[in-house]
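Below is one structure, written out as structure tokens; comments come after it.
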Amino acid sequence: MSKFRPTVVLEKKSTKDAMRTMGPAKVEVPTPEKYLKKHSKELKLPEQAQKVVINSYTMRKSAVPARTDNPPMGFQTQRDFIKTATAVPMKPKPTSVDTSKGHKQLLENSGLVPKYIKKKHYGEVPEYLQQRNEEEQRAQEEYDMFVEEQRKQGAMKHLSDEERHIVLEGLKKNWDELHHDYQGLSLVTDNLSKKARRDSLGTAMKQLENDIKLIERFKTIYIPSY
């Protein structure tokens, strides 16, 4: 046996609390004068709060004016009743919740709504359009240089307004004749000759239409001189 056994027993007895779990063996009984009263266990407001509530209920309203009393006159207000009546109530701005704790921010500034005006290259002409415009301008310059060289060499001549009008009327007359022949074709193309005839007339009419549009578009025209 350990030599510290008596010390441990004394220490255990000294630290042991009486009635720790079961409570005292005898409970003090209240005296008959301290019997349980109604609403005695309900929570009560502080005295100051009780006074405020009592005063709010006991306050008397102002007396009703008598029939002989004249209402106060001459008071003017700065309030615009028309503007107040026609005012549209403000709608709440849309927001987005981005965290599990409910943190929210305006949807407009959250980056979830596409804003094309804030793009880096917004309002600028795309590169492919710039390249196309440059190619068209380069082709037009080359064509103008070629026409100018041919005109200096005498290979091309300038059409006057009268000659241009005559050429335009001739092209339109040729188109009318081809269109008349095209309208007279058979509706049934049951052999190769009819189909070839229809295709040739359609191609010739399309070429005349392009020539007419070209002459009507440009006022200055050069044609080969033979």
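The values are calculated or read from the model by the stated rules, or taken from the named source; none is laboratory data. No experiment lies behind these values; they were computed from the predicted model shown. These area figures cover heavy atoms from the full protein model, side chains too; ligands, DNA and RNA do not enter into them. Shrake-Rupley method; radii C 1.70, N 1.55, O 1.52, S 1.80 Å.
Here are a few things to note about the model shown:
- Remark: region 111-127, residue by residue, has Karplus-estimated 3J(HN,Hα) of x, 7, 9, x, 10, 6, 6, 9, 5, 5, 10, 5, x, 8, 6, x, 5 Hz, where x stands for each Gly or Pro and the curve is 6.51 cos²θ - 1.76 cosθ + 1.60 at θ = phi - 60°.
- Among the listed pairs 91/119; 38/61; 93/118, those beyond 23 Å (Cα-Cα): 91/119; 38/61
- GNM flexibility winner over the chain from 191, 133, 109 (Cα, springs under 10 Å): 191
- Helix axis angle, 47-58 relative to the chain longest principal axis, alpha carbon, degrees: 70
- Angle between the chain longest axis and helix 5-15 axis [Cα atoms, degrees, rounded to 10]: 80
- Pairs of Lys in region 127-223 closer than 21 Å at Cα, counting only those 8 or more apart or on different chains: 11
- Computed from backbone phi with θ = phi - 60° and the Karplus coefficients 6.51, -1.76 and 1.60, the 3J(HN,Hα) list for region 189-200 is 9, 8, 9, 6, 5, 5, 5, 5, 5, 5, 5, 5 Hz; x is used for glycine and proline.
- Percent carbon-and-sulfur accessible area, the chain, ignoring ligands, DNA and RNA, probe 1.4 Å: 56
- Accessible surface computed residue by residue for the chain, with neighbouring protein chains in place and a 1.4 Å probe, gives 100 Å² per residue.
- Residue-averaged 222 nm ellipticity for the chain, from DSSP H runs of 4+ at -39500 (n - 2.57), nearest 500: -15500 deg cm²/dmol
- Among (1) 79; (2) 30; (3) 34, the entry that matches percent of Cα pairs over 29 Å apart as calculated here: (1)
- Built amide H within the under 5 Å cut-off of residue 95, gap 5+: 107
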